[in-house]
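Below is one structure; the comments refer to it alone.
Values quoted throughout were computed directly from the atomic coordinates according to the rules given, and no laboratory measurement underlies them. Since the model is a prediction, treat every value here as computed from it, not as a measurement. All Cβ positions, even for glycine, are placed from backbone atoms using ideal geometry, and neighbour counts span all protein chains on display.
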Amino acid sequence: MKVKVDFGSFPMYMGDDKQEKIVCDIRKGFASRIYTDISGIEAHLLAEKIYRSEGVIELNEGECAIIGSAAEVLFYGSFADSWHDYMEKHKEE
């Protein structure tokens, strides 16, 4: 599974009803949380990949798994829900 993501223009839900979204640049904050709170070289490399990204990047299955677990543990509901729904709509087999 692969997914293409632009972390500089990521669609985030505005409320728990999921009716409205805003586009956010989450590169720096998201990469910093992965870098500081997830152990392992894979997470470190992913954090750098996200932080240095310009436009759309492709994530592999392992990178998606790191973000999926981080979204559930490190981030508030809005991001976790936004990430989950984004993955469902954009994943490539």
Candidate set: the stretch 65-93, residues that are under 16 Å from residue 3 (Cα atoms) and in contact (Cβ under 8 Å) with a residue 60 or more places away in the chain; chosen: the one farthest from the chain's Cα centre (by Cα): 93
Those residues of the stretch 10-59 which are closer than 18 Å to residue 84 by Cβ and either touching a Lys or Arg at 6+ places or on another chain (Cβ under 7 Å) or of a type in the set (Gly, Ala, Ser) (or both), in sequence order: 11, 12, 13, 14, 15, 50, 59
Residues satisfying the stated conditions in the stretch 27-57, i.e. of a type outside the set (A, V, I, L, M, F, W, C) and over 11 Å from residue 7 (Cα atoms): 32, 33, 35, 36, 37, 39, 40, 42, 44, 48
Filtered residues of the stretch 48-59 (kept if touching a residue at least 40 places away in the same chain (Cβ under 8 Å) and either among the polar types (S, T, N, Q) or part of a helix (DSSP H, G or I) (or both)): 50, 53
